[in-house]
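Encoded as structure tokens, the structure appears first; notes follow it.
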Amino acid sequence: MSLSMYQASIPVFIRALNVLTTLLQKGAQHAKEQGLAPESMLEARLAPDMFTLVGQVQRASDTSKATAERLSGVPAPRMPDTEKTFEELYERIAKTVAYLKSIDPARLDGSETRAVQLATGDVKIDFQGDDYLLSFGLPNFYFHVTTAYDILRNRGVQIGKRDFLGAIGNRSTSAA
């Protein structure tokens, strides 16, 4: 049996978003234990021209929703970027996961050949569905999840590769 577009996208997004929630929870706990204002974690960024932790979570949410919408045709919920607390980020992720779970796998049947066009300003990029998922959707999504992880790690949160990978089989998710 070959790998379907659904298998290569929706469960992948859901799994990583759930891991992102766990990473954020560890970040919130770290801030609390260290007596840090949560805002110091939420507003942290790796470089001046990069999004904050909040922005990285919002972009991971948006990228997973947009990719799913483009491939399935199921309209994604629009979410204003108003989150300012860990709790609001958890809620955004939960709403994103609920949307992703609502997509019937059959909606992605044949999406590997679906035309997908990205437009940014005057630039338009045309993709075929499988190329869009593998060369843009997934890499862009993982860029933002990884950058959120990196911000937390940079701020002293005790997380490691196993935390980023999440539970695999019977493995724990303790820091490595």
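The values are calculated or read from the model by the stated rules, or taken from the named source; none is laboratory data. Remember, it's a predicted structure, so these values are computed and weren't measured experimentally. Here the Cβ positions follow ideal geometry from the backbone for every residue, glycine too, while neighbour counts run over all protein chains shown. Surface areas here come from the heavy atoms of the whole protein model, side chains and all, with no ligands, DNA or RNA. Shrake-Rupley method; radii C 1.70, N 1.55, O 1.52, S 1.80 Å.
Worth a mention:
- Within the stretch 68-81, the set of residues being in a helix (DSSP H, G or I) and over 13 Å from Leu17 (Cβ atoms) comprises Glu69, Arg70, Leu71, Ser72.
- Number of the exception - Leu133 against (1) in contact (Cβ under 8 Å) with a residue 40 or more places away in the chain; (2) open to solvent by 10 Å² or more (accessible area, probe 1.4 Å): (2)
- Every condition in (1) part of a helix (DSSP H, G or I); (2) within 15 Å of Asp62 (Cα to Cα); (3) among the hydrophobic types (A, V, I, L, M, F, W, C) is met by Leu118 except one, and the failing one is (1).
- Leading residue by the ranking (farthest from Leu165 (Cα to Cα)) among those in the stretch 1-59 that are of a type in the set (S, T, N, Q) and under 12 Å from the mean Cα position of the chain (by Cα): Gln58
- For Ser2, the criteria (1) modelled with pLDDT under 95; (2) surrounded by 21 or more Cβ atoms within 10 Å (Cβ to Cβ); (3) small (Gly, Ala, Ser) hold in every case but one, which is (2).
- The set of residues in the stretch 17-67 being in a helix (DSSP H, G or I), open to solvent by 60 Å² or more (accessible area, probe 1.4 Å) and either in contact with an Asp or Glu (Cβ under 9 Å, 6 or more places away or on another chain) or within 15 Å of Asp150 (Cβ to Cβ) (or both) consists of Lys26 alone.
- When Gly27, Gly35, Gly55 are checked against the criterion of being of a type outside the set (D, E, K, R) and at positive phi, Gly35 stands alone in meeting it.
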